[in-house]
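The structure under discussion appears below in the form of structure tokens.
The numbers here are math on the coordinates, done by the rules we state, and not lab data. What you see is a predicted model, and the numbers here were worked out from it, not measured in a lab. Cβ atoms come from the backbone with ideal geometry, glycine included; neighbour counts cover every protein chain shown.
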Amino acid sequence: MFTGLIEEVGKVKKIESKEVDIRLCIEAGEELLKDASLGESIAVSGVCLTVTDMSSLFFWADVSVETLKSTTLGSLQVGDTVNLERSLKPESRMGGHIVTGHVDGIGEILQLEEEGRSWRFLFRAPSGLSRYIARKGSICIDGTSLTVNSIVDSDFEVNIIPKTMECTTFAAYTIGSVVNLEVDLIARYLERLSNAD
């Protein structure tokens, strides 16, 4: 479980192909990894991955075929930056919203423009996900917990404040960039409950 509050921006150090799946080596700061352990979950651009090997400056994680198909991790290149967040501890503050690290689909940036000191981003979600996105609701984009400003059909807007631009990978995005989307967990369960017999 995560909050969507990014702790650090890491860098892809190495990618190893393993038949049909891959192993990722992610460079991270000592602060993020100082008390991490093997088997721990770390969200990498919103994707929950398990630490399989580590040092004080990097960690390795296996990425399955399913994860490669349903997220943007398969398009990563050595040197790319990624948002990192360690899993939530029971005593932690819940600053963002409930994030599982289970990506629901891939979105695309259609538009971005400066608005005062902030940036307004327009995204397109896969059509099947749009029913879970609501104005003033929460959405997780590449692991970052954000508030939806507006939604029309499958297109939705979010506002990125200067601190978020500084502390995440958002500053590197351009029109056409693809991102991992995780919709609000509560919306998914509400739909399931409303369709139950």
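Working only within the stretch 121-146, note down all residues that are within 18 Å of the chain's Cα centre (by Cα) and of a type outside the set (A, V, I, L, M, F, W, C).
Result: R124, P126, S130, Y132, G137, S138, D142, G143, T144, S145.
Let me confirm something: among R124, R86, which residue is within 30 Å of A36 (Cβ to Cβ) and touching an Asp or Glu at 6+ places or on another chain (Cβ under 8 Å)?
Answer to the check: R86.
Would you check which residues across the stretch 147-172 are surrounded by 20 or more Cβ atoms within 10 Å (Cβ to Cβ) and in contact (Cβ under 8 Å) with a residue 60 or more places away in the chain and list them?
Of everything in the stretch 147-172, those that are surrounded by 20 or more Cβ atoms within 10 Å (Cβ to Cβ) and in contact (Cβ under 8 Å) with a residue 60 or more places away in the chain turn out to be T168, T169.
Which members of the stretch 127-186 meet the condition of being touching a Phe, Trp or Tyr at 6+ places or on another chain (Cβ under 6 Å), outside any loop (DSSP other than H, G, I, E, B) and among the aliphatic types (A, V, I, L, M)?
V148, V158, I160, V183
Please work out if A196 is aliphatic (A, V, I, L, M), surrounded by 12 or more Cβ atoms within 10 Å (Cβ to Cβ), outside any strand (DSSP E or B) and on the phi < 0 side of the Ramachandran plot.
no
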